[in-house]
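The values are calculated or read from the model by the stated rules, or taken from the named source; none is laboratory data. Keep in mind that this is a model prediction, so the values were computed, not measured. Quick reminder, even Gly has a Cβ in these numbers, built from the backbone with ideal geometry, and neighbours come from all protein chains shown. Ligands, DNA and RNA are excluded from the accessible area calculation, which covers all protein heavy atoms including side chains. Shrake-Rupley method; radii C 1.70, N 1.55, O 1.52, S 1.80 Å.
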Amino acid sequence: MTEPARVLHARLHLLDRQVVRESDDRLLCKVDDLEMRPGDRPYVTAILSGPLALGPRLGGLPGWLMTETDRLFRREERPGPYRIEMSLVTEIGSAVRVAGHRQDLALERWLTRNVVGRIPGAAGTEEQGDPESGARDAPEKALRVRERGEDRPDAMRLGGLLGRTVRGPSGEAAGDTVDVRLVQDGPLLAGVHHAFRAAGLLIARRRAGRLFGYERGPGLWRPSLLGALVRRMHGEIRYAEWDQIESLDDEEVRLGVPWERLRSTADL
Amino acid sequence: MKRFLAVTLGILTAFGGFVDIGDLVANAVVGSRFGMSLAWVVVVGIIGICVFAEMSGRIAAVSQRPVFDLVRERMGPRAGLVNLGASFFINVLTLAAEIGGAALALELVTGLNYLLWVPPVALVAWLVMWRVKFETMERVFGLAGLALVVFIVALWQLGPDWGELTTQLVRPPQDEGVPTYLYYAIALLGGAMTPYEVFFFSSGGVEERWTRRDLVTARANVFVGFPLGGVLSLTIAACAATVFMPVAAEPDSLGQMVLPVAQGLGKVGLGVVILGVFAATFGATLETALSSGYSLSQYFGWQWGKYVVPGRAARFHVTVLASVIVATALILTTIDPIKVTEYSLVFSAAALPLTYLPVLMIANDPDYMGEKVNGRFSNVLGSFYMVLLLVVAVAAIPLMIATKAGQ
């Protein structure tokens, strides 16, 4: 490994992107959230999708409706979202491509079987192009267990790290988390490639929602009017390394060092 | 010939924006009441939609990502959901109006009440979306819509006082209030820049599997289709200004709106114009119905599109079918299709910035675009239009209330 590890901003480069199945370019789902293994050096383990991943990120009434509706139709005790292991990801670009023969989400399968498949001319229903679905029943059951498993309460969700209040060592408000910086130098996943490790948090002085990619270098502040406006709304933006974070709980992030000692995003 | 056929997507999209049922009548109303004094708004609209359609087409060709993907990706799930709710609502309202419009065109031909034509029109539209290939669909209805060019011939035959039309360009009539004038300006701009145009255009680019090599095709579609649509809408206004304004009449139905053509070109012209009206409204039916499927599927990441067989895009086709059913039911309540579009145009004006902002941002993002990012020219125009659209979005609904929708 001579080349430097890849760096991504989770919200900018991963969240809400389209997931595409490598084998046949089928559109599978969105990256509704990312699952992380907590610890000293948390890293991304899976892409989460479906109402149970999107609902909590939406929050409010729409989010609640979405999660509760999904739960009504689930048989599991503690249903979890649709889950795709990070080790299957082959490319992260304008879309996220995944290897393997991932099945569609349940709603698509149900509608194909019970609505669309019954209208004449719907030809080619179900996973016809999929060579491995020959003996359907058994593998489908196996897949279902793996894909739509139970919720994993021990895992952390990246979406939960965004928009949190950040406090300095003495409890003074420092700002809001706007993005999570990921570096691909975590442990090997399934022996294939390195995991994306959470390297630090981008913190904006003022609460103003998303950065739209304008946290990147000034060369990318285009159109300049828009770039300047977004930067102004957020106030100063600094970067806290993971080691500089003292604690993370459901409500807020506590820094181990004062705001002034954090790096400015210009040096990133 | 093949080159020419390659721009039918642009023509179909643009006609759905500029000369669909709401605009056909709105243009005639505006022409008869304000003469040509609102023509500048249409020109502003043409330039605006060209700027953003070009960006969205370029993004679709380079990254294969349609517009609603960008909305969700850059604005996030919450703002994306707000936009989805607004756009979807407008789409279904407009869809209802277009089905009604196509049925009205059939009423003009057959004399049978349009309500009898609504179910068959909706059924045929759905069959087309269910089975006909995207390319065939876009060619047939794009080309048939060109019959509306008869308005240009008719205007020339009517031999209007060109000097009078030119003076109207800069002189609004004195008897109309400023708020009413502004209200119609916003309605025209909203009609020219409706979000479903870029949803449909960029998704159509993906349906046709555009790649970097098709950037020229994408641009040709934009710069042929939208200006043509805009010129037609100006011509309709000019025809109305010539025929109706001197006698202080205001056309309020489709039947009256095509009268200038009958006057200029007789029965043959009337036949052609009704064909054009039918093709344009039917094309807009397809555009809005598919757009509702596109926007919902692209927000949630579902497989969408006509490039796979229907059975492989179940959620998408269920959405399209459900929208058609709801819209048909809505229009069968005998609600006036033309009134429906007037309102939906103004609501869509309020939702414009949420759609065009992410397009502008991503057209500047080298992660997506590589070296095909916006140049300075696109950015200056794009930024200017963002400011304009913000003003329009804020002003749209208050003006609608203040002028009682332009009365």
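Some notes on this structure:
- Counting only the Cα atoms, the stretch B:2-402 fills a convex hull of 129 Å³ per residue.
- With a 10 Å cut-off around each Cβ of B:373-379, the average count of Cβ atoms from other chains is 2.
- Distance from the Cα centroid of the stretch A:44-74 to that of the stretch B:360-404 is 32 Å (rounded to whole angstrom).
- Of interest is the spacing of the C-alpha centroids, which for the stretch B:49-85 and the stretch B:289-357 amounts to 16 Å.
- The value for the stretch B:1-52 of Rg(Cα) / (2.2 N^0.38 Å) is 1.36.
- Chain B: angle of helix B:259-300 to the longest principal axis, Cα-based, in degrees nearest 10: 30 degrees
- Mean-square fluctuations from a GNM of chain A, with a 10 angstrom spring cutoff on Cα atoms, peak among A:TRP221, A:TRP110, A:TRP64 at A:TRP110.
- 13 Å Cα-Cα reach of B:LYS404 towards aspartates and glutamates, excluding residues that sit fewer than 8 places from it in its own chain: B:GLU342
- Percentage relative contact order, the stretch B:2-402, counting C-alpha pairs under 8 Å, at least six apart: 39 percent
- Calculated on the Cα set of chain A, radius of gyration then Dmax: 20.5, 68 Å.
- Per residue Cα convex hull volume in Å³ - calculated over the stretch B:1-119: 180 Å³
- For the chain pair A and B, buried accessible area totals roughly 3800 Å², probe 1.4 Å, rounded to the nearest 100.
- Within the straight-line cut-off of under 29 Å between alpha carbons, the lysines reachable from B:LYS2 are B:LYS133, B:LYS306, B:LYS372, sequence neighbours fewer than 8 places apart in one chain being disregarded.
- Apportionment of accessible area to carbon and sulfur, the protein assembly as shown, percent (1.4 Å): 61 percent
- Overall shape: oblate for the stretch B:257-386, with the ratio a/c of the largest to smallest alpha carbon gyration tensor axis at 1.5 or above and b/c at least equal to a/b.
- Heavy-atom accessible area with a 1.4 Å probe sorts A:LEU220, B:LEU254, largest first, into A:LEU220, B:LEU254.
- For residues of A:5-13, the mean tally of beta carbons on other chains within 10 Å: 1
- Measuring nothing but how far apart in sequence close Cα pairs (under 8 Å, 6+ apart) lie, relative to its length, chain A scores a relative contact order of 19 percent.
- Choice from B:ALA79, B:ALA97, B:ALA60 showing the highest fluctuation, given a GNM over chain B with Cα pairs closer than 10 Å: B:ALA79
- Rg(Cα)/(2.2 N^0.38 Å) for the stretch B:112-219, N = residue count: 1.55
- Principal-axis tilt of helix B:67-110 within chain B, Cα atoms, nearest 10 degrees: 40 degrees
- At the listed q of 0.05, 0.08 Å⁻¹, the Debye profile of the protein assembly as shown, built from one uniform point per Cα, gives log10 I(q)/I(0) equal to -0.25, -0.63.
- The residues of the protein assembly as shown present an accessible area of 40 Å² per residue when probed at 1.4 Å with all protein chains retained.
- Burial of accessible area (probe 1.4 Å, heavy atoms of protein chains only) in the stretch B:316-358, relative to its chain alone, reaches at least 30 Å² for B:VAL318.
- Between helix B:314-332 and chain B: long-axis angle, C-alpha atoms, 0 to 90°, nearest 10: 20 degrees
- Shape analysis of the stretch A:10-123 places it in the oblate category; the axes a ≥ b ≥ c from the Cα gyration tensor give an a/c of at least 1.5, with a/b not above b/c.
- Comparing the full protein assembly with the isolated chain, the residues of the stretch B:45-81 losing at least 10 square angstrom of accessible surface (1.4 Å probe) are B:SER63, B:ARG65, B:ASP69, B:ARG72, B:GLU73, B:ARG74, B:MET75, B:GLY76, B:PRO77, B:ARG78, B:LEU81.
- Highest-fluctuation residue, B:ILE11, B:ILE335, B:ILE325 considered, GNM on chain B with Cα pairs under 10 Å: B:ILE335
- As computed over the stretch A:161-268, the Cα convex hull volume per residue (Å³): 114 Å³
- For the stretch B:136-282, the Stokes-Einstein estimate of translational diffusion at 20 °C and a viscosity of 1.002 mPa s comes to 124 µm²/s, using the Kirkwood hydrodynamic radius over alpha-carbon pairs.
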